[in-house]
Each structure stands twice: as C-alpha cells, then as structure tokens.
Amino acid sequence: MERQAVVTAGTGGIGLETALGLAERGYTVTVTGRDAERGARAMERIAAVATGGRPRFLAADLSSLGEVRGLALDLAALGTLTVLVNNVGAMFAERQQTVDGIEASFAVNHLSPYLLTELLLDQLRAGGPSRIVNVSSAAVKAAKRTFDAVEPPGGYYGFHWYGRAKLANLAYTLDLAERLRGTDVTVFAADPGGAATRMTDGTLTSPRIVSPGLRLLWPLVRRRFERSTASPAATAARSSVFAATDPSLDGRTGLLIGPQAQPAPVPPASADPRIAADVIRLSREHTRRWALA
Ligand SMILES: NC(=O)c1ccc[n+]([C@@H]2O[C@H](COP(=O)([O-])OP(=O)(O)OC[C@H]3O[C@@H](n4cnc5c(N)ncnc54)[C@H](OP(=O)(O)O)[C@@H]3O)[C@@H](O)[C@H]2O)c1
C-alpha cells in the first residue's frame, strides 16, 4: 500500500532534507511551501531519490489559518496519510501580525501546525499505524510560560516569542499523544538542534531578537547562536526522519526526539498540565472558525 507523507515547509532548509529522507525510504511525499519555483526545484530533487510514488508540491502560506484549512482539504483529497511532519516554523526579528490579526510567531509556530493536525486526524487514523511529528526547538527553554493570551505581557523579543510558541506546540504535542494513546496514531516532537538555514541566517544577526538583559551580552550570545546553528540542514533533519520512520519507536508515543536522533528529556514546562490546558484553550479559541463542519 502507498505510504503518504506530508512535510510542511518542505521546499527548503530542514524540511526539504526531511522530505528527501522520507522519499528515499519509500514514502510518497507531498511538500508544502509558499513559492512555486522553490516548490518545482524541490520536486526535482525529491524525485531523483524517491523510491515510492512521485512527489507533489502544494502551495500554501501557513501564516494564514484560512490557507491552512485549504491545505488540509487538498491533503484530505489525496486519501489516507501515514506521516505528517509539521516542520513549518519561523522567527521574526520585528513583531508582525498575520492576515488573521494574530501575532505571527504564535500563529506560524503553533496555531498553524495545531490546526493542520486537528483537521487531518481522520486521514491519519485511516492511514494507521501513522505518526505525527512536530518540529520543536531548544528555544523553548528561553520562553515565558504564561499562556493567558496569544502574547505575553512586556516588549517583543523575537527569539523568546519564537521559543514560547514552540513551547506551546510541544505542550500540545505531548497532550495530543495522550489523547490518541491506544489508537494507531502516535505523536512525536523532533528537536533538530541547529542548522544554517534561511531562518537562522535571517534572524539571528540582530540583538533586538533577545531580551534587554541578554543584549548586554550580545557578542557572547551571537557567538553561541553561530556555533549552535553551524550544522548542515541534512544533519538537523535526522531527528524528524527518525521520529517519522524508525521502527524502534513502533508502539511508543509522546516522545521528544533530540538532535542526536534519540529520545531526549522534555523540558518540564512542556509536560505541565496547566500549561497544556491554557495552550489548548487558546488554540481552540483562535482556530474555531476554521474547524471543519
Ligand atoms: N534552523 C535551525 O537552527 C532550527 C533550530 C531549531 C528548530 N528549527 C525548526 O526547524 C523547522 C525548519 O526550520 P528551517 O531552519 O529549515 O527554516 P527555513 O529555512 O526558513 O525553512 C524554509 C522552508 O519554510 C517554508 N516556509 C517559510 N515560511 C512559510 C510559511 N509562512 N508558509 C509556508 N511555508 C513557509 C519555505 O518555503 P517558501 O519560502 O517557499 O514558503 C521553505 O520550504 C522550523 O520549525 C524551525 O523552527 C530550526
């Protein structure tokens, strides 16, 4: 039977390397991105290594919840799903709002993968045993832990806002794993470590992305960022590919796969049930109008 895999933001960076890894392993891979030309280039590269069906590209800007819903409908039309890798993620140097009027870090890194996953659960159940992989980040450790609202109080610092959205997504991932325990759908988070990609090249150069205390130490902080994001994207994709495919994870769920492509301890805040409850309440509130009837 054909095994279908979806990798969001799969036309470049870690997502493209993840898509290549899945295609080599026999999955029929659909990648998403915003840019059709990058999509076409990704198709050529994936087709050259694919041992399963022909790859597909679907265009969607995942900062728009309406486009997330449209993408879910397009994917549902393809039939059952064996792997969903929610790889999309972005860090914004300056505060931005999405077309839905939601702060962009929270929308792209959490609400978008949350909504896509919820909308595709029927296809994943039908394709079981199936796996959901949500791409995480070590930046969760630098995150504020309050989730009363989309944005925490205080000024905007891109790195911390990014980490907080990734924390929300990790808390959701662990909660979803429990919700689906005993079914054929298992759920993992994958921390790629760091890689030199457009995201890191574009945002880790300005001291404005960190809080004022850390700005005082900027040369040190920057050197640390540079060192931690020096790996190739192919190395960083190992955790997602492992989480999506490795047989040692059969029957297991709710694990964080670390940069060494092995299960790793989860940051304690992500397993705090009060944080999960606040995140899920916020997520439902902001995605309600996009739910399927
Ligand atoms: N790089 C790191 O050091 C690092 C570390 C920890 C975690 N991560 C996480 O790893 C994942 C991949 O990161 P990366 O560094 O590979 O990022 P990246 O290089 O910026 O990713 C590029 C991919 O994202 C797509 N993309 C960007 N914004 C999008 C949007 N709004 N809607 C749809 N697609 C979009 C791009 O396609 P188009 O331009 O065609 O839209 C392209 O396919 C993210 O979740 C990130 O948070 C990265």
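The values are calculated or read from the model by the stated rules, or taken from the named source; none is laboratory data. These figures come from a predicted structure and were not determined experimentally. Using ideal geometry, Cβ is built from the backbone for each residue, glycine included, and neighbour counts are taken over all protein chains shown. Only protein heavy atoms, including side chains, enter the accessible area calculation; ligands, DNA and RNA are left aside. Shrake-Rupley method; radii C 1.70, N 1.55, O 1.52, S 1.80 Å.
One line per residue, one yes/no per condition, for (1) within 22 Å of residue 9 (Cα to Cα); (2) free of Cβ contacts under 8 Å to residues at least 24 places away in the same chain; (3) of a type in the set (Lys, Arg):
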residue: 197; (1), (2), (3): yes, no, no
residue: 205; (1), (2), (3): no, yes, no
residue: 214; (1), (2), (3): no, yes, no
residue: 224; (1), (2), (3): no, yes, yes
residue: 233; (1), (2), (3): yes, no, no
residue: 242; (1), (2), (3): yes, no, no
* To do: Have a look at 234, 149, 177, 165 and point out the one that is within 16 Å of the ligand (Cβ to nearest atom) and surrounded by fewer than 24 Cβ atoms within 10 Å (Cβ to Cβ).
  => 234
* For residue 24, indicate whether it is closer than 30 Å to residue 95 by Cα and at pLDDT 95 or above. => no
* To do: Would you be able to tell me the number of residues in region 1-60 that are under 23 Å from residue 117 (Cβ atoms) and assigned to a helix (DSSP H, G or I)?
  => 14
* **Matching entry among 128, 163 (being in contact with a strand residue (DSSP E or B) (Cβ under 8 Å, 6 or more places away or on another chain) and either within 26 Å of residue 13 (Cβ to Cβ) or part of a loop (DSSP other than H, G, I, E, B) (or both))** => 128
* Residue match in region 66-80 (condition: open to solvent by 30 Å² or more (accessible area, probe 1.4 Å), assigned to a strand (DSSP E or B), of a type outside the set (A, V, I, L, M, F, W, C) and within 16 Å of the ligand (Cβ to nearest atom)) -> no
* Criterion violated by residue 184 - all others in (1) within 15 Å of the ligand (Cβ to nearest atom); (2) open to solvent by 70 Å² or more (accessible area, probe 1.4 Å); (3) within 26 Å of residue 174 (Cβ to Cβ) satisfied -> (1)
* **Selection status of residue 88, closer than 21 Å to residue 176 by Cα, crowded, with 21+ Cβ neighbours inside 10 Å and within 9 Å of the ligand (Cβ to nearest atom)** => yes
* Asked: Among the residues of region 11-65, which ones are within 8 Å of the ligand (Cβ to nearest atom), in contact (Cβ under 8 Å) with a residue 60 or more places away in the chain and open to solvent by less than 10 Å² (accessible area, probe 1.4 Å)?
  -> 15
